[in-house]
Amino acid sequence: MVSKNQIKLISSLQQKKYRALNGLFIAEGVKVISELLDSHFSLEHLYTTAPLFVEIPASKRSVISETEIGKISALNTANNALAVFRIPDAVPIKQQGLIVALDDIRDPGNLGTIIRLCDWFGIAQIVCSEETVDVYNPKVVQATMGSLARVNVSYLNLNNFLANSDIPVFGTFMDGENIYKSILPSEGIIVMGNEANGISIDVEKTVSKRLSIPRFGNNQKTESLNVATATAIILSEFCRNS
């Protein structure tokens, strides 16, 4: 059984201010929860509609009804498992290898997909502007499909971070150098911009090399690519070249 106070607390974690206040976030679904349990994340409590994760101490798990899990779920259709995890302390950023920098990404699905892409391409660090959607937003956590367990996401003053970077900064622009003809290093920061406005003017000033993904075909009327799609192409080229 889940109490009214627990329902109130868990439901409140759908909002950023309450996640920050309590230092907690939620994850749903067996796959996502399994990935987080097998990482540095600390479990606060687990709720399931069947006897799952029996290796977890009984004091940290509860079997509840489908109606009850529906009351605490952030999904339109509740999953059979929901876990509350502690938000870990920030990890220092190491300026080495490839780092993805996100300038004001607002869509939770895009951020979650980019985290998953970084995991796929072996990129362990993402730095985000302070305006970027919260990584512990339930929709972001869900979209990562567990990759959040292996990718460190930090929030900071992105302009200052890039301006003081010891490694080259690459930005994606419509008028940049064709990425398929570029010599790409194994170390650098790759900046991806806002869904509607691209890279901001201040961040653009910190970019040392401008890149673009060329359009093919005869019409060439498509104005832009989805930021997650563009990130996949950019990361693939960097990893292939390096």
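The values are calculated or read from the model by the stated rules, or taken from the named source; none is laboratory data. None of the values given here were measured: they were computed from a predicted structure. Ideal geometry is used to build each Cβ from the backbone, glycine not excepted, and the neighbour counts take in all protein chains shown.
In table form, for the structure just shown:
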| item | result |
| --- | --- |
| Residue match in region 48-64 (condition: surrounded by 14 or more Cβ atoms within 10 Å (Cβ to Cβ), in contact (Cβ under 8 Å) with a residue 40 or more places away in the chain and among the basic types (Lys, Arg)) | no |
| Elements of type helices (runs of 4 or more DSSP H) in region 4-71, at least 2 residues being among the small types (Gly, Ala, Ser) | 4-12 |
| Spans of helices (runs of 4 or more DSSP H) in region 151-242 with at least 3 residues under 16 Å from residue 95 (Cβ atoms) and of a type outside the set (D, E, K, R) | 158-163 |
| Some residue of region 53-76 being among the small types (Gly, Ala, Ser), under 14 Å from residue 136 (Cβ atoms) and not assigned by TED's automatic domain parsing to the domain that holds residue 108 | yes |
| Filter result for the condition that a residue is surrounded by 14 or more Cβ atoms within 10 Å (Cβ to Cβ), in the same structural domain as residue 170 (by TED's automatic domain parsing), at pLDDT 95 or above and more than 22 Å from the chain's Cα centre (by Cα), over 203, 207 | 207 |
| Hey, residue 105 crowded, with 21+ Cβ neighbours inside 10 Å, assigned to a loop (DSSP other than H, G, I, E, B) and in contact (Cβ under 8 Å) with a residue 60 or more places away in the chain or not | yes |
| Any chance residue 139 is under 23 Å from the mean Cα position of the chain (by Cα), of a type in the set (Lys, Arg) and not in a strand (DSSP E or B) | yes |
| Any hit, region 180-192, residues being surrounded by 15 or more Cβ atoms within 10 Å (Cβ to Cβ), farther than 30 Å from residue 13 by Cα, modelled with pLDDT under 95 and β-branched (Val, Ile, Thr) | no |
| Boolean, residue 141 is of a type in the set (Val, Ile, Thr) and in contact with a strand residue (DSSP E or B) (Cβ under 8 Å, 6 or more places away or on another chain) | yes |
| Conditions (1) surrounded by 23 or more Cβ atoms within 10 Å (Cβ to Cβ); (2) out of contact with any strand residue (DSSP E or B) (no Cβ under 6 Å at 6 or more places or on another chain); (3) at pLDDT below 95: number failed by residue 111 | (3) |
